[in-house]
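First the structure, in the form of structure tokens, and then the observations on it.
The values are calculated or read from the model by the stated rules, or taken from the named source; none is laboratory data. Not measured: the values here are computed from a predicted model. Glycine also receives a Cβ, built like all others from the backbone with ideal geometry; neighbour counts cover every protein chain displayed.
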């Protein structure tokens, strides 16, 4: 799940591979280019069109990429200045991506003298093939993690699929640029390519690719690659050949040579498609955008030398967040920086924020120690241990709690009411909107805790919830996991036969109502994810370091690497524990990608084309945006995960 932001430029250009021979700076090349310019080369293209796509609001364990969404806005604006007709799309599912791409090709790809550019910014992924080699993918917002290969494949776009599309385009020049870690067998990398004269290159078809990193190289959310790319096409950096034209080969070589000076862990690649009919030409940028009288002046931002300095900030507490406020790239320990002044900020939940200016000299490797002081706040109450099974008493409309005699599960009465389901906050995903107003639920009993391993094994002896990378998930008081929606239904049937009751999974409306605990904020404790660790077991910095996760986790520590014993954190306002965090929970409903047309009486939404079932609550595995009352996901009913369990409800009426 590494962040591999991918920029695809459909401009009939393909760039991956070694270095451009700078001997091409000779007078003959410059003379030919000037002749091409005098002949009106700009008129060669009938139309220039760009499809710009940014994916940022991911689910299913992929980290959110707010920087990717900001990047595509900048790229779209720059390309418009260069005369491109820009189609800008954000947060696409696999099916939406396919439709958008085909519409773009149908509109602009039939004219041989058009140049097409497709820019994709979002997650990418590389898979090793069993027969050898590697396959690259663009990851759409509905993709499952790669360990669920079916769910991953249904939500991801294979690079081979893009290649097939590229071959049916009539336009000569198509450029793909991937601001991402990526690898695969689709490119014909060249070690020492020499650029053709422009007059020859524009006559030949080409599909070129540029990637900002090779496989397994993490790419930062704030893209230096994108900044260098925009600087180059906007004429804010010196041209390899000073003639007013920038070819794909020149752009690929420039990025390959320059970017490691900013980030030594990132090595762009460039090359052309493995197709003899589509690897001869070269894409052209004209370095005088429309409306500009000439080449722009150099950017006043800090220019990073190839021999960069570095900065490491050591913090106390160790999970503090570090930012450098006067540059775009996100801070990384030991990151390469140019000589200059930097404004460093260190913050952590429960501590006073520190900001300090530091000076870096050329080639200096600075280690900065910053210790935060605690805020004066009331101490948090000690974690609440899961109680021993209570003495059974029958449930009735007047009872506030009861205990199931078969399993020892405790239930809490939740008084029904009407509420607005979903979210309009900046953290909300598209499937949480528009809010379903005046959704009403009746009174119901809900499990005080998630179903534990011990309770599940009462009816399913021998069940093993397994482990995650050597950390057990199978303790008696840990929530049961590795159970599918179908498994949960079978468990409920067994329990109802033994108890004589009508237990079931909660409807999605009941679940969100109960999770809110009478509040209207994103989380029942408030809006801040940084306060989670007093109330929920969530992904945290210790787990990220232990397991090598590369998505955004909560900044606080909750003292658990995987699932926690139920009831280890504070309850919400209804007396329910772990409604957010610990493990995701199955709901009864079929999955729908919005609330449009859904029931408003609190019942389960059982109609629809999708066979997937709703998952709620977030947990110890996944990014921090998942742990919200309105966040929702879906999964196939026959699939089980090590981060997904369930809890039960019992209607007050009709028991």
Only unsatisfied item for residue 480, checking (1) modelled with pLDDT under 95; (2) surrounded by 15 or more Cβ atoms within 10 Å (Cβ to Cβ); (3) touching a helix residue (DSSP H, G or I) at 6+ places or on another chain (Cβ under 8 Å), is (1)
Assess whether residue 75 counts as being touching a helix residue (DSSP H, G or I) at 6+ places or on another chain (Cβ under 6 Å) and either assigned by TED's automatic domain parsing to the domain that holds residue 174 or in a loop (DSSP other than H, G, I, E, B) (or both).
no
Could you check the range 204-223 and list, in sequence order, the residues that are at pLDDT 80 or above and either buried (at least 23 other Cβ atoms within 10 Å of the Cβ) or under 17 Å from residue 137 (Cα atoms) (or both)?
206, 207, 208, 209, 210, 211
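Per-residue answers, yes or no, for (1) within 30 Å of the chain's Cα centre (by Cα); (2) at pLDDT 80 or above; (3) surrounded by 15 or more Cβ atoms within 10 Å (Cβ to Cβ):
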position	(1), (2), (3)
294	no, no, no
304	yes, no, yes
307	no, no, no
311	yes, yes, yes
315	yes, yes, yes
318	yes, no, no
322	yes, yes, yes
336	yes, no, yes
340	no, no, yes
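Identify all residues within the range 421-442 that are at pLDDT 90 or above and either part of a strand (DSSP E or B) or touching a helix residue (DSSP H, G or I) at 6+ places or on another chain (Cβ under 6 Å) (or both); write none if there are none. Give the steps one after another, and end with the answer.
Looking only at the range 421-442, we keep the residues that are at pLDDT 90 or above, and these are 421, 439-442.
Once the filter is applied, which keeps residues that are at pLDDT 90 or above and either part of a strand (DSSP E or B) or touching a helix residue (DSSP H, G or I) at 6+ places or on another chain (Cβ under 6 Å) (or both), the range 421-442 yields 421, 439, 440, 441.
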Would you confirm whether or not the range 354-362 contains a residue that is closer than 26 Å to residue 554 by Cα, crowded, with 17+ Cβ neighbours inside 10 Å and touching a residue at least 12 places away in the same chain (Cβ under 8 Å)?
no
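Each row is one residue, and each column tells you yes or no for (1) assigned by TED's automatic domain parsing to the domain that holds residue 353; (2) out of contact with any helix residue (DSSP H, G or I) (no Cβ under 8 Å at 6 or more places or on another chain); (3) in a loop (DSSP other than H, G, I, E, B).
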{"residue": "531", "(1), (2), (3)": "no, yes, no"}
{"residue": "536", "(1), (2), (3)": "no, yes, yes"}
{"residue": "570", "(1), (2), (3)": "no, no, yes"}
{"residue": "578", "(1), (2), (3)": "no, yes, yes"}
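Name the residue, out of 447, 475, 466, 408, that is within 35 Å of the chain's Cα centre (by Cα) and under 23 Å from residue 514 (Cα atoms). It would help to see each step written out before you state the result.
Values: 475 fails: under 23 Å from residue 514 (Cα atoms); 466 fails: under 23 Å from residue 514 (Cα atoms); 408 fails: within 35 Å of the chain's Cα centre (by Cα).
Result of the check over 447, 475, 466, 408: 447.
Can you spot a residue in the range 97-114 that is in contact (Cβ under 8 Å) with a residue 24 or more places away in the chain and on the phi > 0 side of the Ramachandran plot?
Our first condition is that a residue be in contact (Cβ under 8 Å) with a residue 24 or more places away in the chain; within the range 97-114, this holds for 97-98, 100-102, 104-105, 107-114.
Now restrict to residues that are on the phi > 0 side of the Ramachandran plot: none.
Looking through the range 97-114, none of the residues is in contact (Cβ under 8 Å) with a residue 24 or more places away in the chain and on the phi > 0 side of the Ramachandran plot.
I'd like the residue in the range 560-575 that is under 16 Å from residue 513 (Cα atoms) and touching a strand residue (DSSP E or B) at 6+ places or on another chain (Cβ under 6 Å) and, out of all such residues, is surrounded by the most Cβ atoms within 10 Å (Cβ to Cβ). Break it down into steps so the answer makes sense when it comes.
Keep residues of the range 560-575 that are under 16 Å from residue 513 (Cα atoms), which gives 571-575.
Filter again for touching a strand residue (DSSP E or B) at 6+ places or on another chain (Cβ under 6 Å), leaving 574-575.
Values: 574: 19, 575: 15.
Filtering first and then ranking leaves 574.
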Report, by residue number, each residue of the range 602-624 that is modelled with pLDDT of 90 or more, touching a helix residue (DSSP H, G or I) at 6+ places or on another chain (Cβ under 8 Å) and either more than 24 Å from residue 650 (Cα to Cα) or in a loop (DSSP other than H, G, I, E, B) (or both).
602, 603, 604, 605, 617, 618, 619, 620
Here is a check on your reading of the model: is residue 461 part of a loop (DSSP other than H, G, I, E, B), surrounded by fewer than 22 Cβ atoms within 10 Å (Cβ to Cβ) and over 32 Å from the mean Cα position of the chain (by Cα)?
yes
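Checking the conditions here, which among 503, 468 is closer than 30 Å to residue 418 by Cα, surrounded by fewer than 24 Cβ atoms within 10 Å (Cβ to Cβ) and in the same structural domain as residue 442 (by TED's automatic domain parsing)? Explain how you work it out, then say what you get.
On the way: 468 fails: closer than 30 Å to residue 418 by Cα.
Among 503, 468, only 503 is closer than 30 Å to residue 418 by Cα, surrounded by fewer than 24 Cβ atoms within 10 Å (Cβ to Cβ) and in the same structural domain as residue 442 (by TED's automatic domain parsing).
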Which ones in the range 153-172 are outside any strand (DSSP E or B), in contact (Cβ under 8 Å) with a residue 24 or more places away in the chain and more than 21 Å from residue 204 (Cβ to Cβ)?
154, 155, 159, 160
Residue 539 modelled with pLDDT under 90, within 22 Å of the chain's Cα centre (by Cα) and under 26 Å from residue 446 (Cα atoms)
no
Within the range 111-132, can one find any residue that is surrounded by fewer than 16 Cβ atoms within 10 Å (Cβ to Cβ), modelled with pLDDT of 85 or more and either outside the structural domain of residue 256 (by TED's automatic domain parsing) or farther than 29 Å from residue 633 by Cβ (or both)?
yes
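Determine if the range 106-117 includes at least one residue that is in a helix (DSSP H, G or I) and within 22 Å of residue 248 (Cα to Cα).
Here is the first cut: in the range 106-117, the residues in a helix (DSSP H, G or I) are 106-108.
Within this subset, residues satisfying the condition of being within 22 Å of residue 248 (Cα to Cα) are 108.
Within the range 106-117, one or more residues are in a helix (DSSP H, G or I) and within 22 Å of residue 248 (Cα to Cα).
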